[in-house]
Amino acid sequence: MTAISVTVNGRPHTAQVEPRRLLVDFLREDLGLVGTHIGCEHGVCGTCTVLLDGRSIRSCITLAVQADGAEISTVEGLADGAELHPLQDEFSEKQGLQCGYCTPGMLMRASEILAGNPDPSPAEVREAIASNLCRCTGYQFIVEAVLGAAERMRAEKETAS
Amino acid sequence: MTTVDSTTGDRIAADRAASAPPVRPHSAERRWVGQSIRRVEDPKFLRGRGGYIADRITPGTLHAAVLRSPHPHARITGFDVAAAQAAPGVHAVITGAQAAQLCDPMPDFGPDPTRHTWRCLAAEKVRYVGEGVAVVVADSRYLAEDALELIEVGYEPLPAVVDPERALDAGVPLVHEALESNCAYERSFDFGDVDRDFAEADLVIRDRLRWHRSGGQPLETVGAIADYDPGTGGFVIETNTLSFTSYLFMVAAALKVPVNRLDIRPAPAGGSFGSKLFANKPAVIAAMCARATGRKVAYIEDRVDNISNCDHHGSDRLYDVELAVMRDGTMRGIKIDTIDDYGAYIQFGVGHHGNALAQVTGPYTIGSVRYRVRAALTNKNQQGAYRGFGSEVNNWMLEQMVDKAARELDLDPAAIRRKNFIRQFPYYIPTGNVYDSGDYDKVLDKALELADYEHWRAEQKRLREQGRYIGIGLISAQERSVFSATEFWFWFDEPAAPVTSTPESVSLKVDTTGGITAILYSCAFWGNSPETMVAQFVAEEFDCDPYDVAVVYHGSGDGLPATGPGGSRTTVMLAGAVEGAAGKIKAKARRAAAHLLEIDEDDLEWADGGFGVRGDPERRKTLGEIAIMLHLFKHSFPADMTSGLDGSQVYDHPWTTMPSADRKDLGVFYPFMGHACHIPVVEVDIETGAVTFLHYAAVHDCGTLVNPRSLAGHIVGGTAQGIGTALYEEFVYDTDGQLLSSSYLDYLIPTAMEVPELAIGHVETPSPYTPHGVKGGGEGGRMMAPAAINAAVNDALAPLGVRLTELPMTPERILTALRASRKKG
Amino acid sequence: MAAGTRGGQHRECALGRSPLKPPPFDYAAPTTLDEAIGLLAEHAGAEARVLAGGQSLIPMMNFRLAKPGYLVDLRRVAGLAGIRREGDTLVIGAMTRMAEVERSPEVAVAAPLVTEAIGLVAHVPVRNSGTVGGSLAHADPAAELPAVVLALDAKLVAAGPGGTRTIPAGEFFTGPYGTALAPEEILTEVRLPVWPGGHAFTEFSRIHANFAVVAVAALVDADGDRIRRASVALAGVGPTPVRAHSAERALLGTSGDAETIRRAAQLAAADLSPAGDLHASAETRLTLAQVYLRRGLELAVSRARNER
């Protein structure tokens, strides 16, 4: 067993884990954060996407021990209490989800996209989310939701400053 | 037109009119039906609290993992499980032979279940790569998989049968010896006067077409958590497959328990597209393990489990088709001869071909059909359900033939279709099924406009001069909704079980404060939006806010029969069930209000959430005021009125008729007929075989729309899957029966870059027969896209004399066809 | 059993046992290179392996195709990541994440071929974790970076118990998923000659950002109107990346006109004998190789001209 210290959604955790334990299983089973889902377990579909130190990673092909000392962000950390993150709210407004299974990974990837590019074009959004498979929506309303969130987040930033 | 004498024809017409449901008036004004409201389901999913099956595993639950066969066909000669049993954390190892003692065969609606017996684990022989042969139960999935590696299995490999045509030859290896053949079913039907129509035709168009199997492949696999109570001898199983509650006796039989000791509770599914339709093997395996270990057991498929062993591969067909046409483009008759590769088992019989027969002649006035189907068994995972359930393949085949006819007759693709469009409704097609309503010209007109068709034809011409190959596909096809059970058994002259029930049930409860709860019974959530549909229907009935309606899912043990989603049935069936339940509530509420207001029931009318006196609207009682009285003040009412305010409705299929004894008329089995036109524009890179989209217009008519945005989402999603089927996705088995595409490295699912932005149009031709005029529409995108994309590619390559007749149109297949045509030319 | 799938070597293992959780192993995350080398040597009997980003290794372990008994994680070893220029050489530390290389303005100037190729390696989330060294040491026959380092005639530096050595790219890739690295050696950096002329990295994949069916790394250096240097490498057409020397020779001294490029592509394709799989037959791979050689060279030549 190996000792790890991880901060998840701002909360510090220490644990003893088997080296082979996948990060996705650590998050889901050891920390009870079941919002991150398993799709393929070989790093292709992106369903398991979380942020590690602000960058998207595939938690099904990351060992928990590789997250030692890191800050992980999952879907559970997006909303601010009762208030949804603009991305979550836009996904609902634009119906960018149907079964909801790819949604947490898609939201985390989208948050990375907008952090790096607050005013993306539709084509940029579409190419960026190609990292994450969705089997239900055909992507169109996801692109609309991300663009909608980008606009809201830019406006909120302007209001704040 | 069927050739019958006028007396018989009159009798048939009269019988049909008598059996049709009443034509319903539809209200011109609706408040909630037709609104693209946000889905009521969303908040939990957005926060990662969806409650999918794997999220429900509690501490102390054991985990199962299945050992799978590496051979496509082999006898199992023995097991050595000692090392596995002794491995850390292992609670049980159960082999297929042991499972055959613990469990009876799986539910099977196929033609001859006793001779193509299907079990949860293979007992004496394996029949496809990936078939399960043993299961290990351990403290964790990791430990279970460690133990799998310690199991030794003795296999005696047998020659595999892989090609469906070869499978039907004499002397080939048999998938099921007891069946004495690899042809699980064969039948030919004739509808109308095929011979006359072909004799009178000016031209017969012929072709051979091949559609390879793809599948739903939702991002969430199938899973089940089972708990066994030795005290009651019963099981509680949570699972993400949808249940067909009335047919659960078959699952109970597999587990050897009485049906009222089996409670199956639905978990929301992370997608299905058919592949979670009655997918009970994981549930049976989990339950068997729970009983064997005395502990709660979770069996969640992983991706390789699911790709190789989901029991829901899609249609896998070879067609030989002849279309009889007149020189002016009129289509007279069609002869269809199809071999369908069902794999090693055939759980739904040839129901997929029933689906095809529901709309076999498309939107056209084709008068006669010969339909011959042969179900071939091979050493592959079996077919199940995939969005379209076999009718999408027929759409593709028919539209390929229409385009071929158009080319040979030198007719514009839109013109030949208009020449043959049905324009009178209800319209009975040669098989006996009915199309309730439609306006195919309107859909085509709108699609042409949305597609900017003239512009792209001009572009095509201009770019061809630059040596670029642009193609425009134009297809018009049907999307049936709300299936009847008859399509599974009208294939047999003396069916063993001519079942006719496919109900849906809803219970509505009005609580003391007037709040409404809707209870769904095993009506699965799998990305369709049953909660939103129900909330909108309830809000329409009771003038409340849809977000104030609580929607809960009950399990099979809680009562009323349900079938769940499939065949685009959910919206119509929930509409009917809600209408019925609401009607009962309103009847009781009216009586209560009349009593409270001291007025005749006939003088009351429902408006704005309550009953008011006609002509004196100030005198009224809201639903809430009525409810509190009924809940708490029994003695304020006549003695025969019970406390409470609720209503349940078991809503049966509203329009099913029996097939005739001679099977010349299969009856009505899929009456609510949607329609669509897809016009994609593609560019084919003739150097690489790559296909890219330049534009894509899709217009659908699914009757009255409940939530237009939601339906549009299904159109895009279905089209994306159709793009997969047309260009990328295939379960590839090599000539030895090895499954080559066993992971997402090789089974290729379209990303956002493979799916274009769609220009979507809606036309609403209401059904005269359903509440609000709704029809189903969830499958439509996938029912159109493969046909449309094939048409577009063929249009692009027509100048080179190349026509693709095999899906998916991979770069390999396109380049091979181009090479062949260069050698010819 | 028939080979011939992308996940081919995964398939037999996966379907026989259907695992998707990795097998057990021991693990260490040392802080110095010497410690890491020492651990590899000490646990050689247990098939110790280096863990870089894990984006190639961990999926293989999930399929239980790779079963190292010991993983030496380099994430905490100082000095293995970073990008620097040493005169005419661009040096990239083996543990540098691909995403960092992709964003680097230094790389874009000194070796734009690398920038273009890295953008085609899977998706951003994979590039956030995956490392340059990891990709090279994994030596997937269809991977982009091996073709790039081969085209650039890069030198790969390895450290082992016996010290440090430099391996030319042309000797580094020995077979499918095989390199010249000894089991106790760790790739520490890759040294890329700066290439000032035209570049192009193009590939054919079936799905966006999926592994390449065929990939071409093309480099052209022109003096006035004449091509004075050309270097072309392909991936996906053999057990290792290959140089297309016949194409290079055909271009030297020419103006890189369309007809010459077409002929160069044809000559190069004639030297290839790729295997087929479920995604593309051998014949189709040859066709694609020729097409992408032509397209890659056209782009490289046009960039060489524009940069004059």
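At a glance:
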quantity: Conditions (1) at pLDDT 95 or above; (2) in a helix (DSSP H, G or I): number failed by residue C:90; calculated: (2)
quantity: Count - residues of region B:51-66 that are buried (at least 24 other Cβ atoms within 10 Å of the Cβ) and either of a type in the set (Ser, Thr, Tyr) or within 23 Å of the chain's Cα centre (by Cα) (or both); calculated: 1
quantity: Any hit, region B:382-394, residues being assigned to a strand (DSSP E or B) and more than 21 Å from the chain's Cα centre (by Cα); calculated: no
quantity: Residue tally, condition away from every other protein chain (no Cβ under 14 Å) and within 18 Å of residue B:392 (Cα to Cα), over region B:694-716; calculated: 3
quantity: Options B:681, B:668, B:691: the member that is assigned to a strand (DSSP E or B) and either surrounded by fewer than 20 Cβ atoms within 10 Å (Cβ to Cβ) or more than 13 Å from every other protein chain (Cβ to nearest Cβ) (or both); calculated: B:681
quantity: Every pair of residues 6+ apart whose Cβ atoms lie under 6 Å, when the first sits in region B:630-651 and is part of a helix (DSSP H, G or I) while the second is modelled with pLDDT under 95; calculated: none
quantity: Answer residue from region C:111-126, given it is under 16 Å from residue C:217 (Cβ atoms) and buried (at least 22 other Cβ atoms within 10 Å of the Cβ) and is nearest to the other protein chains (Cβ to nearest Cβ) among those; calculated: C:121
quantity: Some residue of region B:105-119 being crowded, with 19+ Cβ neighbours inside 10 Å, assigned to a loop (DSSP other than H, G, I, E, B), without any contact (Cβ under 8 Å) to a residue 60 or more places away in the chain and in contact with a helix residue (DSSP H, G or I) (Cβ under 7 Å, 6 or more places away or on another chain); calculated: yes
quantity: The lone exception for residue B:64 - which of (1) away from chain A (no Cβ under 14 Å); (2) touching a helix residue (DSSP H, G or I) at 6+ places or on another chain (Cβ under 8 Å); (3) farther than 30 Å from residue B:154 by Cα it fails; calculated: (3)
quantity: Positions within region B:80-96 being assigned to a helix (DSSP H, G or I), among the hydrophobic types (A, V, I, L, M, F, W, C) and in contact (Cβ under 8 Å) with a residue 12 or more places away in the chain, in sequence order; calculated: B:83, B:84
quantity: Filter result (buried (at least 20 other Cβ atoms within 10 Å of the Cβ), more than 17 Å from residue B:213 (Cβ to Cβ) and not β-branched (Val, Ile, Thr)) within region B:788-803; calculated: B:788, B:791, B:792, B:794, B:795, B:796, B:797
quantity: Output for region B:423-444, where each listed residue is buried (at least 22 other Cβ atoms within 10 Å of the Cβ) and not polar (S, T, N, Q); calculated: B:429, B:430, B:432, B:434, B:435, B:436, B:438, B:440, B:443, B:444
quantity: Residue within region B:613-620 that is without any contact (Cβ under 8 Å) to a residue 40 or more places away in the chain, aliphatic (A, V, I, L, M) and either under 30 Å from residue B:706 (Cα atoms) or assigned to a helix (DSSP H, G or I) (or both) present; calculated: no
quantity: Only listed residue being closer than 20 Å to residue C:63 by Cβ and within 7 Å of another protein chain (Cβ to nearest Cβ), chosen from B:758, B:748; calculated: B:748
quantity: Region C:68-95 - residue that is among the β-branched types (Val, Ile, Thr) and within 14 Å of chain A (Cβ to nearest Cβ) and, of those, surrounded by the most Cβ atoms within 10 Å (Cβ to Cβ); calculated: C:72
quantity: Unique match (being of a type in the set (Ser, Thr, Tyr), free of Cβ contacts under 8 Å to residues at least 60 places away in the same chain and touching a strand residue (DSSP E or B) at 6+ places or on another chain (Cβ under 9 Å)) among B:378, B:365, B:361; calculated: B:365
quantity: Test for residue B:719: is it at the interface with another protein chain (Cβ under 7 Å from one of its Cβ atoms) and touching a Leu at 6+ places or on another chain (Cβ under 8 Å); calculated: yes
quantity: Residue within region B:207-226 that is more than 14 Å from chain A (Cβ to nearest Cβ) and without any contact (Cβ under 8 Å) to a residue 60 or more places away in the chain present; calculated: no
quantity: Residues (of a type in the set (Lys, Arg) and either touching an Asp or Glu at 6+ places or on another chain (Cβ under 9 Å) or in a loop (DSSP other than H, G, I, E, B) (or both)) located in region B:291-314; calculated: B:295, B:296, B:303
quantity: Output for region B:697-737, where each listed residue is among the acidic types (Asp, Glu) and either closer than 24 Å to residue B:26 by Cβ or in contact with a Phe, Trp or Tyr (Cβ under 6 Å, 6 or more places away or on another chain) (or both); calculated: B:701
quantity: Hits in region B:67-86 (condition: over 21 Å from residue B:255 (Cα atoms) and crowded, with 20+ Cβ neighbours inside 10 Å); calculated: B:68, B:69, B:70, B:71, B:72, B:73, B:74, B:76, B:81, B:84
quantity: Any chance residue A:142 is more than 8 Å from every other protein chain (Cβ to nearest Cβ) and either touching a residue at least 24 places away in the same chain (Cβ under 8 Å) or farther than 23 Å from residue C:210 by Cα (or both); calculated: no
quantity: Residue in region B:260-280 that is farther than 26 Å from residue B:341 by Cβ, assigned to a loop (DSSP other than H, G, I, E, B) and either touching a helix residue (DSSP H, G or I) at 6+ places or on another chain (Cβ under 6 Å) or of a type in the set (Val, Ile, Thr) (or both) present; calculated: yes
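Results for (1) in contact with a strand residue (DSSP E or B) (Cβ under 9 Å, 6 or more places away or on another chain); (2) at pLDDT 95 or above, shown as yes or no for each residue.
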| position | (1), (2) |
| --- | --- |
| C:20 | no, no |
| C:26 | yes, yes |
| C:37 | yes, yes |
| C:42 | yes, yes |
| C:51 | yes, yes |
| C:55 | yes, yes |
| C:59 | no, yes |
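Listed here are the residues, each with its yes/no results for (1) more than 22 Å from residue C:207 (Cα to Cα); (2) outside the structural domain of residue A:35 (by TED's automatic domain parsing); (3) surrounded by 21 or more Cβ atoms within 10 Å (Cβ to Cβ).
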site: A:98; (1), (2), (3): yes, yes, yes
site: A:118; (1), (2), (3): yes, yes, no
site: A:127; (1), (2), (3): no, yes, no
site: A:133; (1), (2), (3): no, yes, yes
site: A:150; (1), (2), (3): yes, yes, yes
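The values are calculated or read from the model by the stated rules, or taken from the named source; none is laboratory data. As the structure is a computational prediction, the values presented were derived from the model and not from experiment. Here the Cβ is made from the backbone with ideal geometry for all residues, glycine too, and neighbour counts use every protein chain on show.
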